[in-house]
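Nothing in this text is a laboratory measurement; each read-out follows from the coordinates by a stated rule. On a predicted model such as this, the values are computed, not experimentally measured, just so you know. Quick reminder, even Gly has a Cβ in these numbers, built from the backbone with ideal geometry, and neighbours come from all protein chains shown.
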Amino acid sequence: MSLPKKPIVVVPARMASERLPGKPLADINGEPMIVHVWRRAMEADIGPVVVACGEKEIADAITAAGGLAVLTRPDHPSGSDRVFEAVKNMDPDGHYDAVVNVQGDLPTLDPEIIRKVFAPLGKEAVDIATLAVEITEEEERTNPNVVKAVCAIEPGANVGHGLYFTRATAPYGDGPLYHHIGLYAFRREALTRFVNLRPGILEQREKLEQLRALENGMRIDVALVDTVPLGVDTPADLERARTLLKK
């Protein structure tokens, strides 16, 4: 049982955003947000980092900071599709055997979290790895915007088999509920298979892309972390990120 030997970290980014248009280039203490995310991914130190850009201005910002950027189609339906195009174009021979997908709106992300989402791929049966944190706020248990990871995690363990993901309050009964965090690590062949699958029935019902993998028999394991990373979706989130990174 060993981890993939040649992982690559890919950060998908596009300018379109309903609540915060142009957010990859939003200024955070003198640098675009996407540059902060790129730095956090570099600090994880698990492999090379590339930003998969929907627009040239994002690529220019990363290149100016000394990073590697790849232009992709601007109209991809998901970050996974953008990541796949970037990896396919820059590595057509399959040199990299695993792909870690880091969202482009997490400027305060702890690099250790990136390492933790990669770790479950050390188990050969795992196709995809992702993250969750135990829910402690009562409101989150019933909030449909908080996606729950239904996973079998033994007491004292920090990784378990993901059985389902839902916006409902689940599972029923005594015990912890887990807030899903949308970072993913794919085996290279699993990413290729995933993006070529048709959208799933449950995926379309719950509006959760990861259900496509489960509907098609792929295995997802879930690693536990301590906190939910700050995702920047609104001007208020952006101000909070500026404050945190100034510290």
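A compact table of results
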quantity: Counting DSSP beta bridges with both ends in the chain, the antiparallel % (nearest 5); calculated: 55
quantity: Separation of alpha-carbon centers, region 53-113 and region 199-242, rounded to whole Å; calculated: 17
quantity: Spacing of the two label points (7 Å from each Cα toward its C-beta) at Ala125 and Lys56, in nm; calculated: 5.0
quantity: The chain: most fluctuating residue of Arg219, Arg187, Arg82 per GNM, C-alpha cutoff 10 Å; calculated: Arg219
quantity: Packing-based exposure ordering (other Cβ within 10 Å, fewest first) of Glu140, Glu203; calculated: Glu140, Glu203
quantity: At most 13 other Cβ within 10 Å, DSSP loop - trypsin sites (Lys or Arg not before Pro), region 15-80; calculated: Arg19
quantity: Cross-link pairs beyond the 21 Å C-alpha cut-off, checked among Lys23/Lys116; Lys6/Lys88; Lys5/Lys123; Lys6/Lys116; calculated: Lys23/Lys116
quantity: Distant-in-sequence amide H partners of Cys151 (H built 1.01 Å from N, under 5 Å); calculated: Leu163
quantity: Total charge dipole magnitude, the chain, about the Cα centre, Cβ charges on Lys, Arg, Asp, Glu only, Debye to nearest 20; calculated: 400
quantity: Inter-probe distance in nm under a simple model that places probes 7 Å from Cα toward Cβ, at Ala236 and Ser17; calculated: 1.6
